1. Taking residue 110 as the residue in question, decide whether it is open to solvent by 70 Å² or more (accessible area, probe 1.4 Å), at pLDDT 95 or above and either touching a Phe, Trp or Tyr at 6+ places or on another chain (Cβ under 7 Å) or among the aliphatic types (A, V, I, L, M) (or both).
2. Which one of 142, 138, 199, 184 is open to solvent by less than 50 Å² (accessible area, probe 1.4 Å), charged (D, E, K, R) and away from the ligand (no atom under 12 Å from the Cβ)?
3. What are the residues in the stretch 23-37 that are among the small types (Gly, Ala, Ser) and in a loop (DSSP other than H, G, I, E, B), if any?
4. If a residue must be among the hydroxyl-bearing types (Ser, Thr, Tyr) and open to solvent by 60 Å² or more (accessible area, probe 1.4 Å), how many such residues does the stretch 145-175 contain?
5. Is it the case that the stretch 118-133 has a residue that's surrounded by fewer than 22 Cβ atoms within 10 Å (Cβ to Cβ), touching a strand residue (DSSP E or B) at 6+ places or on another chain (Cβ under 7 Å) and not in a loop (DSSP other than H, G, I, E, B)?
6. Return the total of residues in the stretch 38-51 being near the ligand (Cβ under 10 Å from one of its atoms) and either on the phi > 0 side of the Ramachandran plot or open to solvent by 100 Å² or more (accessible area, probe 1.4 Å) (or both).
7. Under 20 Å from the mean Cα position of the chain (by Cα) and closer than 21 Å to residue 3 by Cα: does that describe residue 66?
8. Counting only residues that are closer than 27 Å to residue 107 by Cβ and open to solvent by less than 60 Å² (accessible area, probe 1.4 Å), how many does the stretch 67-88 have?
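The values are calculated or read from the model by the stated rules, or taken from the named source; none is laboratory data. None of these values were measured; they are calculated from a predicted model. Here the Cβ positions follow ideal geometry from the backbone for every residue, glycine too, while neighbour counts run over all protein chains shown. Side chains are part of the model used for accessible areas, which takes the heavy atoms of the whole protein and leaves out ligands, DNA and RNA. Shrake-Rupley method; radii C 1.70, N 1.55, O 1.52, S 1.80 Å.
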Amino acid sequence: MGSLLIFGGSGFLGQQIIQEGIKQGHHFISVSRSGNQHVASQLKFHPQVSWVEEDILLHNQWEQYLPHIHGVINLIGLLKENPNKHRTYETYITHPNHIIVQALKNYPNIPYVFLSAYGTGPFISQRYLLNKRHAELEIKKELNHYTILRPGMVTGRQRPSSIFLGSLIKVLAFIPTKNNRFREVYPTSIHKVTTLCLEYVQKTGHYTLNLIPKNYQN
Ligand SMILES: NC(=O)c1ccc[n+]([C@@H]2O[C@H](COP(=O)([O-])OP(=O)(O)OC[C@H]3O[C@@H](n4cnc5c(N)ncnc54)[C@H](OP(=O)(O)O)[C@@H]3O)[C@@H](O)[C@H]2O)c1
């Protein structure tokens, strides 16, 4: 098993991917601003994980790992922006993706997995999706081997509110109204997203996977 570079390995999805990937024999280099400060104790000092503390908008030390890794997963993102705190969709979606994609152009054989989204539902700004689609376009233009995963809402007990909200969305999505916006964020389990990330980060070729039920897709 090879080494995987994961951006945002300390987050909700990231920790689950690392946990499952370790069982499959992968080694991980996780890059995030907080390194391993907020990760679960069983992962904090795990011998198969190196935690790198770096803001990729400011530094590029992580590029030194590229010659030795077999796949890249990008989980950097943000659901609600706060421009007063410089937390915008550009700084959390488009720019980080741009930085990673430009670096990966020098390593055309490394598969790249990008966590996008299928829709926004009634709660999240359309700007979120616009930035995700913008990032997708750059990936498609610049890389040979990539997977774009488009889930609705991701549910897992590691984020307890997602379980309640996910159940509510399932019920609301069922209501047969015209243009039911809950359908575009129909929940996907963290287990499914994790499994797909680990499977597709080892695949060559290019894939875009919509992870909501077919009858709810536009
Ligand atoms: N959760 C969902 O329901 C859902 C649904 C659809 C799509 N997605 C997408 O899936 C991805 C992962 O979601 P998530 O819920 O796991 O997010 P999350 O918990 O907020 O994780 C984001 C990760 O990115 C890191 N990060 C942010 N800015 C960074 C920077 N400049 N440099 C380095 N690392 C940075 C964060 O760590 P630091 O803060 O320490 O830097 C954190 O580890 C996102 O792109 C999201 O849009 C999520």
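1. The answer is no for residue 110.
2. Going through 142, 138, 199, 184 in turn, just one is open to solvent by less than 50 Å² (accessible area, probe 1.4 Å), charged (D, E, K, R) and away from the ligand (no atom under 12 Å from the Cβ): 138.
3. From the stretch 23-37, those among the small types (Gly, Ala, Ser) are 25, 30, 32, 34-35; that's our starting set.
Once the filter is applied, which keeps residues that are among the small types (Gly, Ala, Ser) and in a loop (DSSP other than H, G, I, E, B), the stretch 23-37 yields 25, 34, 35.
4. 2
5. No, the stretch 118-133 contains no residue that is surrounded by fewer than 22 Cβ atoms within 10 Å (Cβ to Cβ), touching a strand residue (DSSP E or B) at 6+ places or on another chain (Cβ under 7 Å) and not in a loop (DSSP other than H, G, I, E, B).
6. Counting residues in the stretch 38-51 that are near the ligand (Cβ under 10 Å from one of its atoms) and either on the phi > 0 side of the Ramachandran plot or open to solvent by 100 Å² or more (accessible area, probe 1.4 Å) (or both) gives 1.
7. Taking the combined requirement at face value, the residue satisfies it.
8. Total meeting the criteria: 9.
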